[in-house]
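*Asks:* There's a structure below that I have some questions on.
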Amino acid sequence: MTTKRPSAWVCAAINQLAFPGLGTILAGRRVGYFQAAIMIASFSLTMGFMLWFFICALRALAAQDASHLAEQWRPYAWAGKSGLALFLIAWGWALASSISMVRAAIRTRPPDPPRLSVT
């Protein structure tokens, strides 16, 4: 499905600035569902790691002993790193989709109406 030029730009902005995949879905492309799923997985992994990190930090503050802080959160650092990697994949894929949508909208743009000149 092709979109008009202004709506293609709106979809591209949503893709890049708000939620990768959503703009692609709004443009009528099914591949956006996969982009959004990767983004949701990325968000879940990253937020899970951040939650665990803050819990560990609060425990260390409560016990006034930060010597074991890294030992507690480091085994779960893979979740933060994986979340970041998935985010970059989803964002890059959404960027490629955004470029494709805008180019398709430019190619299918109707010609400008003739201008009348008064002399």
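*Asks:* Considering only residues that are open to solvent by 60 Å² or more (accessible area, probe 1.4 Å) and not aliphatic (A, V, I, L, M), look in segment 30-51 and name the one that is modelled with the lowest pLDDT.
*Replies:* Residue satisfying both the conditions and the ranking: Arg30.
*Asks:* How many residues, within segment 14-24, are free of Cβ contacts under 8 Å to residues at least 24 places away in the same chain and surrounded by fewer than 20 Cβ atoms within 10 Å (Cβ to Cβ)?
*Replies:* Counting residues in segment 14-24 that are free of Cβ contacts under 8 Å to residues at least 24 places away in the same chain and surrounded by fewer than 20 Cβ atoms within 10 Å (Cβ to Cβ) gives 4.
*Asks:* Only one of these conditions is not met by Phe54: (1) touching a Pro at 6+ places or on another chain (Cβ under 7 Å); (2) surrounded by fewer than 20 Cβ atoms within 10 Å (Cβ to Cβ). Which number is it?
*Replies:* (1)
*Asks:* Being outside any loop (DSSP other than H, G, I, E, B) and open to solvent by less than 90 Å² (accessible area, probe 1.4 Å) is the filter here, so list the residues in segment 94-119 that pass it.
*Replies:* Correct list: Ala94, Leu95, Ala96, Ser97, Ser98, Ile99, Ser100, Met101, Val102, Ala104, Ala105, Ile106.
*Asks:* Mind listing just one residue for me: the one in segment 35-65 that is of a type in the set (S, T, N, Q) and part of a helix (DSSP H, G or I) and, of those, nearest to Leu22 (Cα to Cα)?
*Replies:* So, considering only residues that are of a type in the set (S, T, N, Q) and part of a helix (DSSP H, G or I), the one nearest to Leu22 (Cα to Cα) is Gln35.
The values are calculated or read from the model by the stated rules, or taken from the named source; none is laboratory data. None of these values were measured; they are calculated from a predicted model. We place every Cβ from the backbone using ideal geometry, glycine too, and count neighbours over all the protein chains shown. In case anyone asks, the SASA skips ligands and DNA or RNA and just uses the protein heavy atoms, side chains included. Shrake-Rupley method; radii C 1.70, N 1.55, O 1.52, S 1.80 Å.
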